[in-house]
Amino acid sequence: MDRRNFVKLVGTASGGAVTGACGRQAEEIIPLLVPEESVPVGAEQWHPSVCGECSAACGTLARVMASEREIEVDGELVRQKIAAVKKLEGNPLDPVSGGRLCARGHASLQSLYNPDRLRGPLKRVGPRASGQFEAVSWDDAIAEAARALTGVDPDRILFLARAREGVRAENIARFLDAIGTPPATSIGVGDFAAEREASERVFGRSGLPLYEIQDSTLVLSIGADFLGGWTSPVLYSRRYGHMRQGRRELRGRLIHAESRFSLTAWNADRWLPVWPGGELALALAIGHVLLSEQIADAPASVVSIFADVDLEQAAAASGVPVEAIRQTASELAQASAPVVVAGASMVRQNSADAVAAAAALNWLLGCVGKPGGVTPPTEPLEALARQPGFSGDWSERLEQAAVVLVDGVNPAYNAPASQSALAGAETVISFSPFLDDTSAFADLILPDHDPLEQALLEVPAVSPSPSFAAAGEFVAPLYDSRPTATVLSELAEAAERPFEEITVEEAVSTLHSAVESAGSGTSASDFEAKVFQDGGWQGQPSRKPPATPGALGTFEIASKQAGVVFQAYESPQFGSGSGANRPWLQELPDPTSSALWGLPVELDPATAARLGLVNGDNVRIRSEHGALEAPVYVNPAAIPGVVSMALGQGHASYGRYASGRGANPMVVVGAAHDERTGCPAMGPTPISIEKIAGGARLVQFSRQDRDLPPHRV
Amino acid sequence: MAEQTTQQAEQGAERTPQWAMAIDLDRCTGCEACVVACASENNVPTAGEDQAAMGRTKHWIRIDRYYEGEFPDIKVKYRPVMCQQCDEAPCEPVCPVNATYQNAEGLNVQIYNRCIGTRYCANNCPYTVRFFNWFAPEWAAPLNLQLNPDVSIRPAGVMEKCTFCAHKIKRAKLDADAEGRELADGDAQPACVQSCPAEAMVFGDMSDADSKVAKQLGSGRSGQLLESLGTKPRVFYLEKAD
């Protein structure tokens, strides 16, 4: 039996069992080893899968039914019966999603069935970024890619990948080991480099802490838009719902500090509008006031970072009045189960420090490792600990690179300054299933299967217990694409540097050994069967706080920037921009502006009035890094002088729904980065604004921002 | 005892459920997961930018959001709004062909085959949750593969709206029948309710006092949208508890 059939068999077992788990009838289970023609029309199967949209790695269930597609055979259109995915839902057995799913998760179906997916490997024939490619066979493509890798200084080979832990990352690591190049790096998007660095300092552990907000009585969130995105939006939304109304007679409260009226700010009982970059000053100021309150016996190293803070100076730098800081600190001190959620949804030049200072407040509150507090990161699953880390010097390495391999990230969009390096590299190889901003620069595009078409094993960014989500294969690939792990193995073979690819099944049995040592008491085959039945595995939650924090370092408060500043942010619907080619998401009203099929520049009413701007007028925003033109949305909740724009539009190339639509805010933001981690910052960037004639139209779902007077009957 | 149980089961089978939804606005985050879940479940087509600019998008469920106050003391009020499945539905009496009516389970149903497209119903709906198909819907292949075979594609010239996922209610009933048991609370879940990350939405039989939805309706925070119009919606909102 070859690998594919083995995987299908496993997938069938999983489908059957999950079908059972969801209360469906056993008769509906159709083994996928029988031809797809015999999947009865109208019967549904539910197969576990893993959502690939963000770092949360939610476990999902895919609803699979008989369907038909038209394909060309010998120049004639014929109908082919296939098994198709009809819907995605959360997997109730998954500890992260708990059976729920966000807008982006649902819309990932439109990645699988996107009309602009690449049909097979492509070779560039025109100039870089011209979009001129020709179809090429896999054999030729791999031979050519292998030639590019041979004879090049291995240190000049750069692999840019997503920061996701799992089997894919392990295979990338094995490939790079085999060809002798440094580890893959992410590009600072969705990898939470600032949060990870802060966690090392504050909790002495690598990884991301878990905030137990479901049991909190008061949540203060500084910089973390945990309901609109961030590390795990579905998990934290579930926990938020419970915090508000899941407990008898106890409603938790939320205070949110951010420089934007985000979804989390919408939901807060009180929003503290922080000047962009002032998050560190705010955290230090709150800690300073807390020291004078009745608080827990905090470690001396933590107390020392807050002791000498000048409250007035910190308040001025944060943009939050001293009175509001005192009130917040006093409420935290009085709460029976407070917690401070520390994050950098918008990365600043001082984000690692800001997150560390905010997270350290939890030591002052005595809630580290307590119910309703913060759980420091658990130990990673050893067998899969090799996720692509983030190297702050990735852009310099890109400048030097002879061969660039790109998987799952879009540097040409998220870091527009990288375009010149991409244009200048000797060889660029992309594994993107789409002709996106970055693969447009590629010499070879070796398109990956869609996540729904391949076996997966991914470790979530945060989880209530040590866990991973896994899936077998359950629908045949639509096109002549290939899983990237397989392509890497073929590539290494062709370059005469072979490595042993680890399959999802092998990873599961390796993980079984790790779990067995913890005394789970299951056999390897039972473990594997259960993993594919349940769509993953979860162990016992660990609640062991470290005895002391790590080396916290020093903190410096920078004064508030003067003038009008610009910041980019990740919206709930488009994330870092990858959601823009899904029509459902383009037609989903932007929560802030209600915009459809486009994103505006958001500015406050006073600034708009000063410039004579109303909704829909177009402006040119200019910084020292670049300029963009976009329509204006006058946001009643914008901080005066802070102009915001969501990532999502402005793709030079990303299929029919996204290409050439709107503007990319990163062009204006420039290449500033968090000073400790090198993670690209999303502002604040000083800008000038000028009104321009004409321009793009602002299409809004609701043009009305204020409710009408009560209806007269 | 056994006889009594059988009798109860028979009575249960005959009881007509009265479907209702409760939405806890203190849990709802406004994330719009329900909006995409609905489009996916119900084959709701996208209109594209030009039609969207004319206000012709179809969102069977939407998040209404209104700002209140001024910066920095600004708040936003928002709620998911879909067909309110009114007991006294203003859309029903104006339909000249009875294409829309209330069924025995309290659902405001829309018969696409009967609809002749007068759009009177949409004009008369105070919640603006009815949508007219100006054109036949199109999906660029292979996006058509995502279509749910349980839900009809609405042709040009007819109205469409939220059905409370009537097809999912039907499937839940068939599953329960096949397993020889009564429909249990929570078996029937519209796509929006199923998806909601904050678990803000509850759906069920309001005539069953033990159902989750009936319990939510007993909460002191429960009310209806534009209650004063007397439309008697089957969607109940639990107001924010701040």
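The values are calculated or read from the model by the stated rules, or taken from the named source; none is laboratory data. Just so it is clear, the structure is predicted and the values come from calculations on it, not from any experiment. Please note: Cβ atoms are built from the backbone with ideal geometry, for glycine as well, and neighbour counts cover all protein chains shown. These accessible areas exclude ligands, DNA and RNA; they are computed on the full protein's heavy atoms, side chains included. Shrake-Rupley method; radii C 1.70, N 1.55, O 1.52, S 1.80 Å.
Key figures for this structure:
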{"read-out": "Condition broken by A:Ser420, with the remaining ones in (1) in contact with a strand residue (DSSP E or B) (Cβ under 8 Å, 6 or more places away or on another chain); (2) of a type in the set (Ser, Thr, Tyr); (3) assigned by TED's automatic domain parsing to the domain that holds A:Ser137; (4) over 23 Å from A:Asp116 (Cβ atoms) satisfied", "value": "(1)"}
{"read-out": "In the range A:574-606, the residues that are in contact (Cβ under 8 Å) with a residue 24 or more places away in the chain, at the interface with chain B (Cβ under 10 Å from one of its Cβ atoms) and among the charged types (D, E, K, R)", "value": "A:Arg582, A:Asp590, A:Asp604"}
{"read-out": "Residue within the range A:135-145 that is touching a Gly at 6+ places or on another chain (Cβ under 6 Å), among the acidic types (Asp, Glu) and either without any contact (Cβ under 8 Å) to a residue 24 or more places away in the chain or surrounded by fewer than 21 Cβ atoms within 10 Å (Cβ to Cβ) (or both) present", "value": "no"}
{"read-out": "Answer residue from the range B:120-139, given it is in contact with an Asp or Glu (Cβ under 9 Å, 6 or more places away or on another chain) and of a type outside the set (S, T, N, Q) and is farthest from B:Cys192 (Cα to Cα) among those", "value": "B:Cys121"}
{"read-out": "Any hit, the range A:106-128, residues being under 23 Å from A:Val459 (Cα atoms), within 8 Å of chain B (Cβ to nearest Cβ) and part of a loop (DSSP other than H, G, I, E, B)", "value": "no"}
{"read-out": "Filter result for B:Thr16 (more than 9 Å from chain A (Cβ to nearest Cβ), part of a loop (DSSP other than H, G, I, E, B), open to solvent by 30 Å² or more (accessible area, probe 1.4 Å) and not basic (Lys, Arg))", "value": "yes"}
{"read-out": "Members of the range B:33-61 found to be at the interface with chain A (Cβ under 7 Å from one of its Cβ atoms), under 18 Å from the mean Cα position of the chain (by Cα) and crowded, with 24+ Cβ neighbours inside 10 Å, listed by number", "value": "B:Ala33, B:Val35, B:Val36, B:Ala37, B:Ala39, B:Ser40, B:Glu41"}
{"read-out": "Subset of the range B:124-142 [of a type in the set (Gly, Ala, Ser) and either without any contact (Cβ under 8 Å) to a residue 12 or more places away in the chain or surrounded by 15 or more Cβ atoms within 10 Å (Cβ to Cβ) (or both)]", "value": "B:Ala140, B:Ala141"}
{"read-out": "Residue in the range B:182-200 that is more than 11 Å from chain A (Cβ to nearest Cβ), open to solvent by 50 Å² or more (accessible area, probe 1.4 Å) and within 22 Å of A:Ser67 (Cβ to Cβ) present", "value": "no"}
{"read-out": "Residue match in the range A:201-210 (condition: modelled with pLDDT of 95 or more and of a type in the set (Phe, Trp, Tyr))", "value": "no"}
{"read-out": "The listed residue being in a helix (DSSP H, G or I), buried (at least 20 other Cβ atoms within 10 Å of the Cβ), at negative phi and away from chain A (no Cβ under 13 Å), out of B:Cys162, B:Cys95, B:Cys121, B:Cys115", "value": "B:Cys121"}
{"read-out": "Single residue of A:Ala66, A:Ala57 found to be in contact (Cβ under 8 Å) with a residue 60 or more places away in the chain and farther than 20 Å from B:Glu199 by Cβ", "value": "A:Ala57"}
{"read-out": "Qualifying residue in the range A:194-204 (condition: more than 25 Å from the chain's Cα centre (by Cα), among the charged types (D, E, K, R) and more than 14 Å from chain B (Cβ to nearest Cβ))", "value": "no"}
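Residue-wise test of (1) open to solvent by 30 Å² or more (accessible area, probe 1.4 Å); (2) in the same structural domain as A:Val403 (by TED's automatic domain parsing); (3) within 20 Å of A:Leu398 (Cβ to Cβ).
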site: A:Arg147; (1), (2), (3): yes, yes, no
site: A:Gly151; (1), (2), (3): yes, yes, no
site: A:Arg156; (1), (2), (3): yes, yes, yes
site: A:Arg201; (1), (2), (3): no, no, no
site: A:Gly204; (1), (2), (3): yes, no, no
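Condition check ((1) within 14 Å of the chain's Cα centre (by Cα); (2) within 29 Å of B:Met54 (Cβ to Cβ); (3) modelled with pLDDT of 95 or more) across all residues:
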{"site": "B:Cys91", "(1), (2), (3)": "no, yes, yes"}
{"site": "B:Pro96", "(1), (2), (3)": "no, yes, yes"}
{"site": "B:Arg130", "(1), (2), (3)": "yes, yes, yes"}
{"site": "B:Phe135", "(1), (2), (3)": "no, yes, no"}
{"site": "B:Lys161", "(1), (2), (3)": "yes, yes, yes"}
{"site": "B:Lys170", "(1), (2), (3)": "no, no, no"}
{"site": "B:Ser195", "(1), (2), (3)": "yes, yes, yes"}
